[in-house]
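The values are calculated or read from the model by the stated rules, or taken from the named source; none is laboratory data. A quick note: this is a predicted structure, and the numbers were derived from the prediction, not measured. Cβ: placed from backbone, ideal geometry, glycine included. Neighbour counts: every protein chain shown. These accessible areas exclude ligands, DNA and RNA; they are computed on the full protein's heavy atoms, side chains included. Shrake-Rupley method; radii C 1.70, N 1.55, O 1.52, S 1.80 Å.
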Amino acid sequence: MQTLLPLAEKIAARLIVRHEKITVAEGSAGGLISAALLAVPGASAYFVGGAVIYTVDARRGIAGISDDDMKGIRAASEPYALLLARKVRDRHGARGTVWGLSETGAAGPTGNRYGDPAGHTCIGLVGPIERAITLRTNNADRQANMRAFAKSALELLAETIEA
């Protein structure tokens, strides 16, 4: 958490100045992204909510992503990361919510059922700017990957809101 906190503090300060809010949906980061953002005092000024979307049932029930929405898209992909970020932002529907951030991947020690290796994740960010990235750590260490995924998601957010 200590490596994530400086990024979260930078993001918090920028979102507060801009009067913007964020929602988060994460999978293989396991809640670390949200935890980092919530560790900053005053988080209620910018953090609306979030969820760990780890299963198909959670994808359907919590994120509201139907099987029809998934046609032509697979999980742990950039198109899915953008869809998930958009859905979590829209479902929270709070006034001033500008950003949706998502992460979806395979923390390890093995890959996922879609053929992605351990250490693969896709991160999506939607708002005035939409961006998606793929990260591959080439590492099977589950906890190290979770931290790397959360760090990459926070870095993408920080870079984008500074632009």
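The distance linking segment 22-89 with segment 117-138 is 12 Å (Cα centroid to Cα centroid, whole angstrom). With a cut-off of 14 Å between beta carbons, the residues surrounding residue 54 carry a summed charge of +1, where Lys and Arg count +1 and Asp and Glu -1. Entry note, segment 15-66: relative contact order of 40 percent, from Cα contacts under 8 Å with a spacing of 6+ residues.
Remark: relative contact order (the chain) = 26 percent; criterion is Cα-Cα distance under 8 angstrom and separation of 6 or more residues.
For segment 11-137, the gyration tensor built on C-alpha atoms gives a prolate shape. Its axis ratio a/c (a ≥ b ≥ c) is at least 1.5, and a/b is the larger of a/b and b/c. Between residue 57 and residue 129, the C-beta separation translates, for a Förster distance of 22 Å, into a calculated FRET efficiency of about 0.10. Each label point was placed 7 Å from the Cα along the Cα-to-Cβ direction; for residue 139 and residue 5 their separation is 2.0 nm. With the helix formula -39500 (n - 2.57) applied to DSSP H stretches of n ≥ 4, the chain reaches a computed 222 nm mean residue ellipticity of -12000 deg cm²/dmol.
Taking packing as the residue-averaged number of other Cβ atoms within 10 angstrom, the listed peptides 131-141, 149-159, 61-71 run from highest to lowest as 149-159, 131-141, 61-71.
What part of the accessible area of segment 1-115, given as a whole %, is carbon or sulfur when the probe is 1.4 angstrom? Its accessible area is 55 percent carbon and sulfur atoms. Hey, for a label at residue 70 modelled as a point 7 Å past Cα toward Cβ, could you say which residues of segment 98-135 have their backbone N under 14 Å away? Those under the cut-off are 105, 113-115. Placing a label point 7 Å from the Cα of residue 110 along the Cα-to-Cβ direction, the residues of segment 140-155 with a backbone N closer than 20 Å are 140-146. Using a probe of 1.4 angstrom and keeping all protein chains present, the accessible surface of the chain works out to 46 square angstrom per residue. Each of the peptides 110-117, 3-10, 44-51 was scored by the mean count of other Cβ atoms within 10 Å over its residues; in descending order, highest first, they stand as 44-51, 3-10, 110-117.
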